[in-house]
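The values are calculated or read from the model by the stated rules, or taken from the named source; none is laboratory data. Keep in mind that this is a model prediction, so the values were computed, not measured. Ideal geometry is used to build each Cβ from the backbone, glycine not excepted, and the neighbour counts take in all protein chains shown. The accessibility values were calculated without ligands, DNA or RNA, using every heavy atom of the protein model including side chains. Shrake-Rupley method; radii C 1.70, N 1.55, O 1.52, S 1.80 Å.
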Amino acid sequence: MLAVVLVDPPRTYGVWRDLFSQGWMRVATLLFMASLAWHAWVGIRDIWMDYVKPTALRLALQVGTIVLLAAYLGWAIQILW
């Protein structure tokens, strides 16, 4: 993505649409979003484990975080396809 933007930066909606209509770009973006969600999960999980001591509250927060990140990932899939 960085190479595409540096070599010939897309300036219009049509150019961006054409770029994201290619399968490799959708897959690369989805992999990026999945790795970003995983990174967010690891970071937030560690925060909940370090600072929230009641087990039930910590579990509820962790489940809420998983649901929210899954919803964000689903939204990214909906946008890409």
(request) Place a +1 charge on the Cβ of each Lys and Arg in the chain and a -1 charge on the Cβ of each Asp and Glu, then give the dipole magnitude about the Cα centre in debye, rounded to the nearest 20. (result) 160 debye
(request) Name the residue farthest towards the positive end of the dipole of the chain from the options Trp75, Val7, Thr29, assuming +1 on Cβ of Lys and Arg, -1 on Cβ of Asp and Glu, about the Cα centre. (result) Trp75
(message) Could you derive backbone 3J(HN,Hα) for region 26-35 from the dihedral phi with the Karplus parameters 6.51, -1.76 and 1.60 (θ = phi - 60°), listing whole Hz in sequence and x where the residue is Gly or Pro?
(response) 5, 5, 4, 5, 5, 5, 5, 5, 5, 5
(message) Roughly how far apart, in whole Å, are the Cα centres of region 36-58 and region 1-35?
(response) 32 Å
(request) Work out how much length Leu57 to Val7 would gain on full extension: take 0.36 nm times their residue separation and subtract the Cα-Cα distance, in nm to one decimal. (result) 13.1 nm
(request) Arrange the peptides 13-23, 35-45 so that the one whose residues have, on average, the most other Cβ atoms within 10 Å appears first. (result) 35-45, 13-23
(request) State the percentage of accessible surface on the chain attributable to carbon and sulfur atoms; use a 1.4 Å probe and exclude ligands, DNA and RNA. (result) 73 percent
(request) Relative to the longest principal axis of the C-alpha atoms of the chain, give the angle of the C-alpha long axis of helix 55-80, reported between 0 and 90° and rounded to the nearest 10°. (result) 10 degrees
(request) Please calculate how many Å² of accessible area the chain carries per residue, with a 1.4 Å probe and no DNA, RNA or ligand atoms counted. (result) 77 Å²
(message) I need the phi-derived Karplus couplings for region 11-24: 6.51 cos²θ - 1.76 cosθ + 1.60, θ = phi - 60°, integer Hz, Gly and Pro marked x.
(response) 10, 10, 4, x, 5, 4, 4, 5, 5, 7, 7, 7, x, 5
